[in-house]
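Structure record follows, encoded as structure tokens.
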Amino acid sequence: MDDDTERRIGANEAAFRKVNESLRAGKTLVAADRLFPFRCECGVLGCNRLIELTLPEYESVRAHAARFTLLDGHEIPETEHIVHRTDRHVVVEKQSAAARIATDTDPRG
Ligand SMILES: [Zn+2]
């Protein structure tokens, strides 16, 4: 995979993370096991699928700048590896150049 492709994928994922951060805003006082729809944060062009996460699950992804949550099978093995898997979603961690983009664009600084 070339650098441009890797950058585009990273930018895509960062954009979806931003959408999810605004979806998450305002959902603080709810049960920990309640499921909420979030955007799949994958780098697949045109993906607009939703995944269901509890807020603690979502927070545990956001605690790491280089991690994203995706539908199972939407991961791109060349730039990311799966660190966690449930029956609803997978959590991936970006590698190398993609990880730098993810860290630089983290809305939580
Ligand atoms: Zn996807």
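The values are calculated or read from the model by the stated rules, or taken from the named source; none is laboratory data. Everything numeric in this text was worked out from a predicted model, so none of it was measured. As a convention, Cβ positions derive from the backbone with ideal geometry for all residues, glycine included, and neighbour counts pool all protein chains shown.
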Taking the stretch 1-56 only, how many residues are away from the ligand (no atom under 15 Å from the Cβ) and over 25 Å from residue 78 (Cα atoms)? 19
It is to be established whether one or more residues within the stretch 18-33 are at pLDDT 90 or above and either assigned to a helix (DSSP H, G or I) or β-branched (Val, Ile, Thr) (or both). no
Please go through (1) closer than 28 Å to residue 2 by Cα; (2) surrounded by 12 or more Cβ atoms within 10 Å (Cβ to Cβ); (3) more than 11 Å from the chain's Cα centre (by Cα) for residue 52 and return the number of the only condition it doesn't satisfy. (1)
When you scan the stretch 11-31, do you find a residue that is touching a helix residue (DSSP H, G or I) at 6+ places or on another chain (Cβ under 6 Å) and of a type in the set (Phe, Trp, Tyr), even just one? no
Hand me the list of strands (runs of 3 or more DSSP E) wholly inside the stretch 34-109 holding 2 or more residues that are charged (D, E, K, R). 80-85, 90-94
Search result, residues across the stretch 35-49 that are touching an Asp or Glu at 6+ places or on another chain (Cβ under 9 Å) and surrounded by 19 or more Cβ atoms within 10 Å (Cβ to Cβ): 38, 41, 42, 43
I need the full set of residues from the stretch 58-94 which are buried (at least 17 other Cβ atoms within 10 Å of the Cβ), of a type in the set (Asp, Glu) and under 18 Å from residue 107 (Cα atoms), in order please. 93
Condition (residue is β-branched (Val, Ile, Thr) and more than 16 Å from the ligand (Cβ to nearest atom)) applied to the stretch 61-76: is it met by at least one residue? no
